[in-house]
Amino acid sequence: MAVDMLRLRIELEDVEPPIWRAVQVPTDLTLDDLHTVIQVAMGWTDSHLHRFTVGEPWDPAARSFVTAEDIAEGERGEPESGVAIGAVLREAGDELRYTYDFGDGWNHVVRLEGTTSSADGAPRCVAGQRACPPEDCGGAPGYEELVHRWSPSRRALADRFDVAEAQRLLQLVLAGPHGDGSAAPLPGAPATSDLPSPVDSLPEPLRDLLARAGGPHRAALVSLVEAARVDRPALVDVATAARMVAPVAWMVGHVRVRGVPLTSAGYLRPDDVQAVAHALRIDREWIGTLNREAHTVPVLLFREALQRAGVLRLARGRLHATRTAAALVDDPVGLWRHLAERLPVGQGAARDAGLLVLLRIAGHDGGSSPVDEAAAMAALGWRHRDGGALVPGDVSGLAEHTVAVLRRCGAFGDPGAGAGVGRSTVPTPEGSALARAALQSWR
């Protein structure tokens with residue numbers, strides 16, 4: 001029996017050229033599920049609050065639909081979980097407003113373009129244009145300024161949108177985890193390594209990175225990039241992926257989409273700190289009571305890193321798992337891929353430092369000569385505020401959130417006799433594969 005469907009166009013306001021998606025959804029889809037469809041189709045990470053309105057979001061007279069979190073905080077409006085999209089958008093041309101991230105203020109227009117039918121009634125992303133802006137870039141004005149600073153090849157990436165990949169992820173998030181148990185390369189990774197030159201075969205963003213570099217230390221960066229050999233396939237089997245992402249999956253399962261409350265100072269509660277420390281075996285490497293997150297740095301860094309990677313999100317004083325992460329929690333290869341796509345973590349110097357760490361790990365073969373990552377950072381123009389040169393320890397400090405994820409995922413091996421537990425910087429083979437997968441998907 002055919003299911004009645006609505007054809008919707010979702011477009012970001014105040015962004016040129018337009019960024020839009022076309023989706024098909026059943027008429028009885030509730031607004032809270034439409035939120036998920038928009039997040040996945042657009043490419044957001046569900047890391048911030050949202051609101052649906054009929055009318056301008058800033059207009060107090062607008063019809064407002066509120067989330068369960070809003071209701072718990074005393075907000076007024078119609079619960080979005082009880083409103084079907086077909087009850088709001090009835091005729092072609094009807095519009096609904098969707099605001100995501102009240103700080104950056106990403107306003108979307110959801111317009112009904114017509115109706116259709118489907119055999120299964122599953123939501124679908126059927127078309128779109130241009131990539132989603134980065135999270136936390138300052139809204140439409142900040143994004144415009146960011147694009148202006150990008151190189152031509154980096155701007156070209158912003159013009160790309162893969163509707164097939166958006167639909168694949170939408171099916172995964174809405175239908176739940178799956179996997180076939182086989183080794184799998186990261187989507188888009190080269191299938192072979194018989195290319196003429198490692199540098200010639202680099203993804204455009206890495207070529208752009210080399211183009212940014214200059215001065216006497218540029219050779220250090222070139223050496224890191226060449227040694228990484230990102231043309232090699234990044235493969236992982238189910239057992240290895242499950243072992244690597246186990247700490248991430250545990251955090252997602254512990255927090256859940258419903259979330260756990262934080263303290264008034266914004267930290268995990270003592271019981272949760274102890275639970276994380278025990279589950280991640282942090283008690284083997286950290287001295288202390290392990291019940292205050294501010295004093296248990298490995299817990300704090302890992303939690304913050306997962307937030308910045310779009311695996312966890314903070315909303316109204318509660319820490320939640322993002323819906324994408326929750327859908328992947330029982331799909332280790334899928335979660336491994338998702339994590340790879342989110343590395344390195346951070347912006348600016350933190351991102352570049354994390355990128356250099358990934359390059360070093362990807363290029364480790366047990367016998368390669370060490371490369372001065374501080375020199376590579378200097379080639380990219382990074383120095384201390386007083387003009388002094390960075391030292392190797394500065395790079396690991398800047399990349400601390402990327403390193404926190406890699407360390408928990410087993411990217412570093414046994415440090416050897418006399419070294420502190422959890423302090424190794426020697427990459428493991430599976431760590432090299434994860435780093436290479438991250439570099440192949442880095443944008």
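Restricted to helices (runs of 4 or more DSSP H) entirely inside the range 325-443, those with at least 2 residues that are open to solvent by less than 50 Å² (accessible area, probe 1.4 Å), at pLDDT 90 or above and of a type in the set (A, V, I, L, M, F, W, C) are 332-341, 348-362, 400-408, 429-441.
Against the conditions (1) aliphatic (A, V, I, L, M); (2) modelled with pLDDT of 95 or more; (3) in contact with a strand residue (DSSP E or B) (Cβ under 8 Å, 6 or more places away or on another chain), VAL299 satisfies every one except (2).
The rows are residues; the columns are (1) over 27 Å from the mean Cα position of the chain (by Cα); (2) among the charged types (D, E, K, R).
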{"residue": "GLU13", "(1), (2)": "no, yes"}
{"residue": "ASP46", "(1), (2)": "no, yes"}
{"residue": "VAL66", "(1), (2)": "no, no"}
{"residue": "GLU78", "(1), (2)": "yes, yes"}
{"residue": "ASP104", "(1), (2)": "no, yes"}
{"residue": "GLY128", "(1), (2)": "no, no"}
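Taking the criterion of being surrounded by fewer than 16 Cβ atoms within 10 Å (Cβ to Cβ) and of a type in the set (D, E, K, R), the only residue of the range 208-225 that qualifies is ARG212. Against the numbered list (1) more than 22 Å from ARG342 (Cα to Cα); (2) touching a Phe, Trp or Tyr at 6+ places or on another chain (Cβ under 7 Å), SER117 comes up short only at (2).
For the range 265-307, residues that are open to solvent by 20 Å² or more (accessible area, probe 1.4 Å) and part of a helix (DSSP H, G or I) total 15.
For VAL257, state whether it is closer than 30 Å to THR36 by Cβ, at pLDDT below 80 and not charged (D, E, K, R). First the steps, then the outcome.
Values: closer than 30 Å to THR36 by Cβ: yes; at pLDDT below 80: yes; not charged (D, E, K, R): yes.
Criteria met by VAL257.
Could you tell me which residue of the range 15-44 is nearest to the chain's Cα centre (by Cα), considering only residues that are over 26 Å from VAL345 (Cβ atoms) and β-branched (Val, Ile, Thr)? Only one residue fits best here, namely VAL37. Quick check on the range 263-271. Is at least one of its residues of a type in the set (Asp, Glu) and touching a residue at least 40 places away in the same chain (Cβ under 8 Å)? No; the residues of the range 263-271 include none that is of a type in the set (Asp, Glu) and touching a residue at least 40 places away in the same chain (Cβ under 8 Å). SER81 meets each of the listed conditions (1) of a type in the set (S, T, N, Q); (2) open to solvent by less than 40 Å² (accessible area, probe 1.4 Å); (3) without any contact (Cβ under 8 Å) to a residue 60 or more places away in the chain apart from (2). Of the set (1) over 23 Å from the mean Cα position of the chain (by Cα); (2) part of a helix (DSSP H, G or I), all apply to ALA242 but (1).
Would a scan of the range 183-197 turn up a residue that is open to solvent by 40 Å² or more (accessible area, probe 1.4 Å) and modelled with pLDDT of 75 or more?
Start the filter on the range 183-197 by keeping residues that are open to solvent by 40 Å² or more (accessible area, probe 1.4 Å), which leaves 183, 185, 187-188, 190-196.
Filter once more, keeping what is modelled with pLDDT of 75 or more: none.
Taking every residue of the range 183-197 in turn, none turns out to be open to solvent by 40 Å² or more (accessible area, probe 1.4 Å) and modelled with pLDDT of 75 or more.
Selection of the range 84-121 for residues being surrounded by fewer than 13 Cβ atoms within 10 Å (Cβ to Cβ) and either acidic (Asp, Glu) or under 17 Å from ALA62 (Cβ atoms) (or both) yields ALA87, GLU91, PHE102, ASP120.
Looking only at helices (runs of 4 or more DSSP H) that lie completely in the range 125-177, which have at least 1 residues being modelled with pLDDT of 85 or more, more than 17 Å from ALA41 (Cβ to Cβ) and touching an Asp or Glu at 6+ places or on another chain (Cβ under 9 Å)? Walk me through it before giving the result.
Numbers: elements: 139-149, 152-158, 163-175.
Because the criterion is at least 1 residues that are modelled with pLDDT of 85 or more, more than 17 Å from ALA41 (Cβ to Cβ) and touching an Asp or Glu at 6+ places or on another chain (Cβ under 9 Å), the helices (runs of 4 or more DSSP H) in the range 125-177 that meet it are 139-149.
Residues in the range 49-63 that are open to solvent by less than 40 Å² (accessible area, probe 1.4 Å) and out of contact with any helix residue (DSSP H, G or I) (no Cβ under 9 Å at 6 or more places or on another chain): THR53, GLY55, ALA62.
Identify all residues within the range 1-22 that are open to solvent by less than 20 Å² (accessible area, probe 1.4 Å) and over 30 Å from HIS148 (Cβ atoms); write none if there are none.
Our first condition is that a residue be open to solvent by less than 20 Å² (accessible area, probe 1.4 Å); within the range 1-22, this holds for 5-6, 8, 10, 12, 15, 19, 21-22.
Of everything in the range 1-22, those that are open to solvent by less than 20 Å² (accessible area, probe 1.4 Å) and over 30 Å from HIS148 (Cβ atoms) turn out to be MET5, LEU6, LEU8.
The values are calculated or read from the model by the stated rules, or taken from the named source; none is laboratory data. Since we're looking at a predicted model, the values are computed, not measured. Ideal geometry is used to build each Cβ from the backbone, glycine not excepted, and the neighbour counts take in all protein chains shown. Surface accessibility is based on the protein's heavy atoms, side chains included, excluding ligands, DNA and RNA. Shrake-Rupley method; radii C 1.70, N 1.55, O 1.52, S 1.80 Å.
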